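Inspection log for the structure reproduced underneath, given as structure tokens.
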Amino acid sequence: MSCLSARPVCCHHQSRKAGPASMTDPCEIIDGADTHVDTIHLAVISVTGQPMADREFSTTESGYRAAIEFLSGHGVPHVVGVEGARSYGAGLTRALAAEGIPVVEVCRPDRAARRCKGKTDTLDSYATDTLDSYAAARAALSGHGVSEPKDERTSVVRALLGARCSAVKARTASINQIKALLVSAPESVRARFRRDATKELIAELTRTRPTAHAEPMISGILTAAKALADRDAFLNEQVDTLTAELNELTAVLYRRTRAPRRPAATPPADTAEPDAHAAPPRAGGRGRK
């Protein structure tokens, strides 16, 4: 009775042809990552889609190093499919790119059917992460529903734009609150700010001294309106600062799209002399019959 010698997993594919990704190295592997806030779950499959191994790592610098060592220990990573490459998987994507490992972003699987079955304990959660990581690896292997990870510069622009949009919304909400507050205010308060435009209204409310009024109702309304006006002025400064930062950043990162446009060419003036025999234009409307 003779025993067969154990062979590496990658050596079983020496006689197989290259897959859809033109993989000719028998030791190449395909990897997938299911990403979360604190953990990432990696799965390794062969070039023929056979599961090889999977493991969970923490989303820390040491965890990313251990994840790369785990992948390299099973072969040469041809491509890694990462879910949320610019959200939960941003750190892993940066670590893989630093090692020269190609990364593609895969779509998250439809979990609606899985939620119908329920997920109550830790074992089910771990099994779900395992399935998602293998699904990401198979998506990277097939090339279906994958895309290149977004440039990190886009993330910076998106962060500044998100902060600016939230500041604009909060500023608009403050202005609407002020106007709604003044609608039901006493007549003395309404008459004071009735004809003011928005900018003049905010400027005058910031200079108001609510404590100078002895009547509690007027003092309370002016206190609330002044607080909202101060908030609007602060948010206005934030919007201006973020807008300037966005303009400066986009001018550096996207010079081609930010190039100044040429002024439109003005049509040449009509230099033809008027016809002396032409009928003079009518003055006014229709003439009498």
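Could you tell me how many of the residues in the range 146-160 are of a type outside the set (A, V, I, L, M, F, W, C), out of contact with any strand residue (DSSP E or B) (no Cβ under 9 Å at 6 or more places or on another chain) and at pLDDT 85 or above?
Final tally of qualifying residues: 1.
Looking at Cys3 and the list (1) at pLDDT below 90; (2) crowded, with 18+ Cβ neighbours inside 10 Å, which single condition is not satisfied?
(2)
Give just the number: which of (1) without any contact (Cβ under 8 Å) to a residue 12 or more places away in the chain; (2) part of a helix (DSSP H, G or I) does Glu245 not satisfy?
(1)
Tally up the residues in the range 53-89 that are more than 19 Å from Val104 (Cβ to Cβ) and either assigned to a strand (DSSP E or B) or charged (D, E, K, R) (or both), please.
Selection size over the range 53-89: 8.
Would you check which residues across the range 126-143 are open to solvent by 40 Å² or more (accessible area, probe 1.4 Å) and at pLDDT below 85 and list them?
Within the range 126-143, Tyr126, Ala127 meet the criteria.
Of the conditions (1) over 30 Å from Thr250 (Cβ atoms); (2) open to solvent by 50 Å² or more (accessible area, probe 1.4 Å); (3) touching a residue at least 24 places away in the same chain (Cβ under 8 Å), Ala185 clears all except one; give me its number.
(2)
Taking the conditions exactly as written (modelled with pLDDT of 90 or more, small (Gly, Ala, Ser), touching a His at 6+ places or on another chain (Cβ under 8 Å) and open to solvent by less than 10 Å² (accessible area, probe 1.4 Å)), does Ala33 satisfy them or not?
When the stated conditions are applied, Ala33 passes them.
Considering every residue within the range 197-212, establish whether at least one is under 24 Å from Arg86 (Cβ atoms), open to solvent by 70 Å² or more (accessible area, probe 1.4 Å) and part of a helix (DSSP H, G or I).
Checked the range 197-212: no residue is under 24 Å from Arg86 (Cβ atoms), open to solvent by 70 Å² or more (accessible area, probe 1.4 Å) and part of a helix (DSSP H, G or I).
Six or more apart or on different chains, Cβ atoms under 9 Å: show the pairs whose first residue is in the range 215-233 and closer than 20 Å to Lys169 by Cβ and touching a residue at least 60 places away in the same chain (Cβ under 8 Å) and whose second is open to solvent by less than 50 Å² (accessible area, probe 1.4 Å) and among the aliphatic types (A, V, I, L, M).
Within 9 Å, the pairs are Arg231/Ala170; Asp232/Ala170; Asp232/Ile175; Asp232/Ile178; Asp232/Ile202; Asp232/Leu205.
When the range 56-93 is examined, which residues are found to be in contact (Cβ under 8 Å) with a residue 40 or more places away in the chain and exposed (fewer than 15 other Cβ atoms within 10 Å of the Cβ)?
Selection gives Val76, Ser87.
For the range 94-112, which residues satisfy the criterion of being surrounded by fewer than 18 Cβ atoms within 10 Å (Cβ to Cβ) and within 20 Å of Leu131 (Cα to Cα)?
Cys107, Arg108, Pro109, Asp110, Arg111, Ala112
Hey, can you tell me all the residues within the range 174-196 that are part of a helix (DSSP H, G or I) and out of contact with any helix residue (DSSP H, G or I) (no Cβ under 9 Å at 6 or more places or on another chain)?
Scanning the range 174-196 gives Asn176, Ala180, Glu187, Ala191.
The values are calculated or read from the model by the stated rules, or taken from the named source; none is laboratory data. Small disclaimer: the values here were computed from a predicted structure and weren't measured. Here the Cβ is made from the backbone with ideal geometry for all residues, glycine too, and neighbour counts use every protein chain on show. Protein only, heavy atoms only, side chains kept; ligands, DNA and RNA dropped before computing areas. Shrake-Rupley method; radii C 1.70, N 1.55, O 1.52, S 1.80 Å.
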